[in-house]
1. I need the full set of residues from the range 1-39 which are part of a helix (DSSP H, G or I), modelled with pLDDT of 90 or more and surrounded by 14 or more Cβ atoms within 10 Å (Cβ to Cβ), in order please.
2. Kindly check whether there is at least one residue in the range 393-412 that is buried (at least 18 other Cβ atoms within 10 Å of the Cβ) and assigned to a loop (DSSP other than H, G, I, E, B).
3. Scan the range 478-503 residue by residue and report those that are more than 7 Å from the ligand (Cβ to nearest atom), in contact with a Phe, Trp or Tyr (Cβ under 8 Å, 6 or more places away or on another chain) and at pLDDT below 90.
4. Please specify each residue of the range 719-735 satisfying the condition of being part of a helix (DSSP H, G or I) and within 15 Å of Pro557 (Cα to Cα).
5. Quick check: is even one residue across the range 423-435 closer than 24 Å to Gln487 by Cβ and either surrounded by fewer than 16 Cβ atoms within 10 Å (Cβ to Cβ) or among the β-branched types (Val, Ile, Thr) (or both)?
6. Would you mind finding the one in Gln506, Gln471, Gln483, Gln487 that is open to solvent by 60 Å² or more (accessible area, probe 1.4 Å) and free of Cβ contacts under 8 Å to residues at least 40 places away in the same chain?
7. Checking Leu288 against (1) over 21 Å from Val402 (Cβ atoms); (2) open to solvent by less than 80 Å² (accessible area, probe 1.4 Å), which test does it fail?
8. In the range 430-477, which residues are near the ligand (Cβ under 9 Å from one of its atoms) and of a type in the set (Asp, Glu)?
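The values are calculated or read from the model by the stated rules, or taken from the named source; none is laboratory data. Owing to the predicted nature of the structure, the values given are computational and were not obtained by experimental measurement. Please note: Cβ atoms are built from the backbone with ideal geometry, for glycine as well, and neighbour counts cover all protein chains shown. Note: areas computed on protein heavy atoms with side chains; ligands, DNA, RNA excluded. Shrake-Rupley method; radii C 1.70, N 1.55, O 1.52, S 1.80 Å.
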Amino acid sequence: MNSLKLSQTSDTDYLRSLAILYVEDEADLRLQMGQFLKRHCGKVYIACDGQSGIEMFRKQQPDIVITDILMPVMDGLAMTEQIKAESPATPIIITTAFEESRYFHRAFDLCVNQYINKPIDLQRLKKLLIKCAHTLRAELALRETEQRYHLLFKFSRIAIVVCKANHDMATTDDGFQCRIDDCNQAFLKMISLDNPTIVEQSNLSEFISVQSFELFKDKILPQLVSQDYSHEFEIELVRPDGSTIPVVAQTFLRKEEGGRPQEIWTVMLDISERVKIELQLREYQDHLQELVYQRTRQVEKARLQAEYANHAKTVFLANMSHELRTPLIAILGFAQLLEQDSCLSQQQRQNFHLIKQNGQHLLSLINDLLDISRFEAEPCQSVHDAFDLKHALELVEKMVAVRALDKGLEFKYDCPHQLPELVVGDERHLRQVLLNLLGNAVKYTDSGEIGLSIQQLKDKEFSFTVSDSGQGIAIAEQQRIFQAFYQTNGSVTHGEGMGLGLSISQKLIQLMGGELKLKSELGRGSHFSFTLTLPGIETETNETIHSGMAVLAKNQPAPRIIVLEADDEVHLLLKQMLETIGCRVCVLSNVEEFKLKYQYFQPQLILINIYMKDESGQYLGRSIRKLPTCKNLPIIALTASTFEEGQELVMSAGCDEIMLKPVEQQTLLEMICRRLDLKPQYGEVEQQPEQRRVDNLTALPIKLVEQLAELASMLELELIEEIVEKIASEYPAEASLISSLIKQYRFDKLLQLCHKT
Ligand code: ADP
C-alpha cells in the first residue's frame, strides 16, 4: 500500500490512488480488465498465474489484489493463502464463474474480502474497489492514531499509569490493589526504575504512600464512578528506596463498548520543585512576618518616642509662648496706655512710641519662631470665619502706610470699591501674610514705591499682589528664599528678621488653599502674588469700625467685671484698660479669692486667664460655673495661645468666648457691650467740648468731701469709684477729675484737694 492518503476525500481520488494487482490466465479478459483498471486506478500490475502473482505482489506491494481462481501453475486460492499469510490486511477480490462456486467455502476461510461473478460487471467492480479503498483508509487512520497514541504515551513527560479496573469499581474487603497494566517512561523515571516489567503486574499501592492510597480509594474512586474522571489531587509516590516524590494527579476511567469500566488511567506531574519553592516561600514568609513584626515594633516604639517628644515640644512651645508673650504684652499694653496720656511731653510720647514699636517687633519675631515650630510640631488648620475683608485690608494698609512713609516710600493701595461686606476665611492668617510680604517690601526697598493690589477675579476668588521697586531677588535665590531661616546675602546686612517670614507665609497660604508665587528681577523689584477663595456672605447687621478712644457710652451703669489673673503686670494692665473703658473692676489672682469675694462684688462678667497658675483654665471655668449666681454669667477666656485645640478645651470648659492677647481696648469694649447689652462710644471722649473742666472740689457737699478724704487716706479705690459713679450725673466735671486722679493712683493729690475745700 503505497499511495493511499487520508487527505483524499472523493471516490475518484480514492480509485486514482489505488495500486491494483490483477491476476488472470485468460488473455482477452486480462487485456479488457487491464484497460478498465488502468483507466480508473492509479497503478495496475498484471500477472497470468498465481506464482507470478505472488512475485508481483512481493515486488510491488499493491493495495488490492483481484484474482481469478482457476489458473495453471498455481491457482488463485493458493496464491491468496500465501498473500494473506504475508499481508493479512490486504483486501483480495476473487473473480469467479458460476460453476466455481464450490470454492467459496475455502475462499471465505482465507478471509477473501469480496467476490465478483464472471462475466465481470465493471460498475460493480468499481464499487467494490471504492468500498475496499474506504476500508483501507479507515485502517490507515486507525494505524496512524495508534502510532500517535504510542508515541504520546511513551514519550510524554507526564507520568501515565494504566490500571485494571474492577468491573464494579468496588474496593473489596481483601483490599483494593489497583493492578498496573501499563506505564510510560516518565512514570518509570519518576520512581527511578528502568524495567517496565517490574512495574507492570505490580499494584499501584506499592508505589504510593499509605495515606495517598487511602485518599485514592476513599475520595478519588467515588468521583470516577460518578463522573468518569476525578479532580486534580496531590499524592506522594514512593520509590523502591523509600524516598518520596510529591505529584499532582488526575484519573480517568476508560470503559468498554458496553459501558463496563475497563481501565483507570492516572496521569501524574512531578511537583517536587513547586513544593520546594513553596516551602522556601513559606520560610521566607515566616521570616518576613517576623521581620515585619520586629520592624513594626521598632517603628511603633520610635513613633511613640517621637510622639512623646512632639508632645513635649508642643507643651514647651505653649508654655514658652505664654512665658515670652505675657511680659511683652504687658509692656506693649502699658506703652499703649501711657502713649495716650495727655500729660506726656512730645519727647516722652515718642519714647513710648519707640518702646511700643520695638516691643511689637520683638513680639513678631517670637511669633514667627513659635509659628514655624508649631508647623513642624503638628498639622495646622485654617479657620473659616466670617470677617470684614475691606476692614481687614484697611488695617493692613494703615499699618504699612506709616512704615512706608517713615522710609520715604510711596505706598500704592489698590482695592476695589465693591467688596462683599463679609467673607468667609482666615482673617488672622491673611493679615499675617500681607503684613509679612508688605513688611519685606518696605524692608528691601530703599527708594521708589511699594504696593498692595487686590482684585476680585471671580465671585469668590481674590488675587492679592504685593509689589515693590526694591533690590529684587536673583533667579538662583528665588526658590531658596522660601526655606526657613534662609536669607540672601544682601538681606543679612539689614540685620532684621530671621528668614522665617516667607516660609511661614507660604505655609499659611497653602493652608488657606492658595499658592504663593514670585516674579522678581535683580535690581528692579519683586512681585509676590497669591489667589484665595473667600466666599462672600450676606449680612444684616450694620457694624462700623471706629477709630479713636473707645469707651462705654455715657449714662449707663458701670458694669462690674472680675478679672482672674495671676500675673501682676497683666492684671494691672487689664484693670486700667477696663477702667478706661468705664467698667468697675475687681482683680483677683486665684479661685479661692474668687470664692470669697464674688458674692460681695456681684460681677456681671468674668475675664479669666487660662494660664492661671493654681488652676487650669478648664477646671477654673467649670468651678466658677458651679457657683450659685454664676451659672449664666458670661465668662471670657483670655489667652495668648493660638493653639486651636487649647481654645476648644477652654470653650468646652464653660467659657463663652475667647479673647486673644494682646487685648485691644476697642475689641474688649465691643465684647463687653455685646455680652452686657451696653452701648459703646467712640472718639476723643475726654476732650468733648461740652464737658466742663474743674481743678477743685468746692462744688461738692462738704460731707461728701470729708468721706472722700477719709477713703483717699485709706487708698480705698473701689469705694471712691462708687462715689464717682453716684455723683457722675449731678457733678460730672468733679466726678471726672476724681476719676482721672484715682486712675493715676494720685490719692495724695485727691487728699490735697479735699483738704483745700
Ligand atoms: P526675613 O525678611 O526675615 O529675612 P523672609 O523669609 O521674609 O525673612 O525672607 C527671606 C529672604 O527673602 C530675605 O532675607 C530676603 O533676602 C528675601 N526677600 C524677601 N522679600 C523680599 C523682597 N520684597 N525684595 C527682596 N528680597 C526679598
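1. If the condition is that a residue be part of a helix (DSSP H, G or I), modelled with pLDDT of 90 or more and surrounded by 14 or more Cβ atoms within 10 Å (Cβ to Cβ), then Leu29, Arg30, Gln32, Met33, Gly34, Phe36, Leu37, Lys38 are the ones that fit.
2. There is at least one residue in the range 393-412 that is buried (at least 18 other Cβ atoms within 10 Å of the Cβ) and assigned to a loop (DSSP other than H, G, I, E, B).
3. Once the filter is applied, which keeps residues that are more than 7 Å from the ligand (Cβ to nearest atom), in contact with a Phe, Trp or Tyr (Cβ under 8 Å, 6 or more places away or on another chain) and at pLDDT below 90, the range 478-503 yields only His494.
4. Glu721, Glu722, Ile723, Val724, Glu725, Lys726, Ile727, Pro732, Ala735
5. Checking the range 423-435: at least one residue is closer than 24 Å to Gln487 by Cβ and either surrounded by fewer than 16 Cβ atoms within 10 Å (Cβ to Cβ) or among the β-branched types (Val, Ile, Thr) (or both).
6. Only one candidate passes the filter, namely Gln483.
7. For Leu288, the exception is condition (2).
8. If the condition is that a residue be near the ligand (Cβ under 9 Å from one of its atoms) and of a type in the set (Asp, Glu), then Asp468, Glu477 are the ones that fit.
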